[in-house]
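The values are calculated or read from the model by the stated rules, or taken from the named source; none is laboratory data. Only a predicted model underlies this, so the values are computations on that prediction, with no experimental measurement involved. Note: ideal-geometry Cβ built from the backbone for every residue, glycine included; neighbour counts use all protein chains shown. Protein only, heavy atoms only, side chains kept; ligands, DNA and RNA dropped before computing areas. Shrake-Rupley method; radii C 1.70, N 1.55, O 1.52, S 1.80 Å.
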Amino acid sequence: GGRTYGREATYELDPGIYDLQLEAMKVEGSGQQHRIEGISVSSNATQEFIHDFKSGTALIGARNASGLVDAVVKITDTQTGKAVAGGRTYTASSSNPKKFLLTPGTYEATLTVAGDYSGRKKSVTIEVEQGQTVERMVEVD
């Protein structure tokens, strides 16, 4: 096993039957793993396996009438109810909105305000599509 870092990787194996588990390390959400079972490996043979992990980008930010707001973001898959990603927006434009690379699907982004407006909470539903970017700046007045 090992990491490919976005490049092709070659592994030498003894002849036999193997299962191959692929996992997207930078993509969050359901479907970030792919498994191929029962691969027959023969002597002096090369086999190629490729899986294209689908993803889209979600930009989630928090603001109020005064400007950008520091908030903790939790991304939940609406089908499974499982939290799949999280982060913090802070008050700088370099981090607010916060960028998430997600598998296509429907998610709920819950923002919990930190700092001066601590404790306020707001949720929005987002639809992430393959190869697309969705941006939501959430008003947390």
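Under a 1.4 angstrom probe, counting protein chains only, how are TYR107, TYR18, TYR11, TYR5 ranked by accessible area, largest first?
Per-residue accessible area, sorted high to low, gives TYR5, TYR11, TYR18, TYR107.
Between the residues GLN79, GLN132, ASN64, the greatest Cα displacement towards the positive end of the dipole of the chain, with unit charges on the Cβ of Lys, Arg, Asp and Glu, is found for ASN64.
What's the long-distance tail for the range 102-141, i.e. % of Cα pairs beyond 13 Å? Don't skip to the answer; put the middle values down first.
Working: 438 of 780 pairs.
More than 13 Å apart: 56 percent of the Cα pairs in the range 102-141.
Values of log10 I(q)/I(0) for the chain across q = 0.10, 0.12, 0.21 Å⁻¹ run -0.46, -0.59, -1.18, by the Debye formula with one identical scatterer at each alpha carbon and no solvent.
Give the calculated FRET efficiency between ASP116 and LYS82 to the nearest 0.05, with a Förster radius of 30 Å applied to their Cβ-Cβ distance. About 0.45, to the nearest 0.05. Calculated FRET efficiency, GLU135 to SER94, Cβ-Cβ distance, R0 = 22 Å: about 0.90 to the nearest 0.05. Per-atom-type breakdown for the range 82-123 gives carbon and sulfur 44% of the accessible area (1.4 Å probe, protein chains only). You can think of it this way: the chain between GLU8 and LEU59 has 15.4 nm of extra reach, that is 0.36 nm per residue less the Cα-Cα gap. Over all distinct Cα-Cα pairs of the range 70-141, the Kirkwood formula returns a hydrodynamic radius of 12.6 Å.
Given their separation in residues at 0.36 nm each and the Cα-Cα distance between them, SER42 and GLU23 gain 4.4 nm when the chain is fully extended.
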